Amino acid sequence: MTIQHFTFAKFRSEITSEEKEDAYKTVYLLLAGALAIPGVNGFKVGPPLSRKGARGYEFALTVEFRDLKAFTDYIPHAHHLLCVILSLR
């Protein structure tokens with residue numbers, strides 16, 4: 001069964017629109033490397049499609065995994081840990 005992993009985030013108030021676009025592009029490029037990891041089927045990143053239902057979140061990310069094992073294998077993977085560390089900056 002395919003697994004979808006969702007992450008939502010808010011930008012700090014001082015972040016400009018250009019910086020937000022840069023963040024989307026940076027995360028996209030970073031996640032492109034995840035496609036080489038077995039079990040990672042694809043991903044999407046960007047602003048939520050509907051601001052109304054987004055509850056203030058400005059950043060949406062979804063990663064699709066082949067199955068639950070692929071997802072649980074990815075969580076401790078070095079690529080995922082790098083993504084987490086970079087997102088906390």
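A short reminder: the numbers here are calculations on the coordinates, not readings from a lab. A quick note: this is a predicted structure, and the numbers were derived from the prediction, not measured. When we count neighbours, we look across all protein chains shown, and the Cβ atoms used for this are built from the backbone with ideal geometry, even at glycine.
222 nm [θ] for the chain, helices only, -39500 (n - 2.57) per DSSP H run of 4+, per residue, to 500? All intermediate terms of the calculation are to be shown ahead of the outcome.
Values: 3 runs with 33 residues, N = 89.
Taking each H run of at least 4 residues, the total per residue is -11000 deg cm²/dmol.
Show me the GluC sites (Glu not before Pro) within segment 1-59 that DSSP assigns to loop and that have at most 14 other Cβ atoms within 10 Å of their Cβ. Numbers along the way, then the final one.
On the way: sites: GLU14, GLU18, GLU19, GLU21, GLU58; in loops: GLU14, GLU58.
Loop-located and lightly packed - GLU14.
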Practice problem: Measure nothing fancy, just the Cα-based angle from helix 17-32's long axis to the longest principal axis of the chain, in degrees from 0 to 90, nearest 10. | Solution: 10 degrees
Exercise. Select one label from [x] 55; [y] 68; [z] 72: the one whose number is percent of Cα pairs over 16 Å apart as derived from the coordinates shown.
Key: [x]
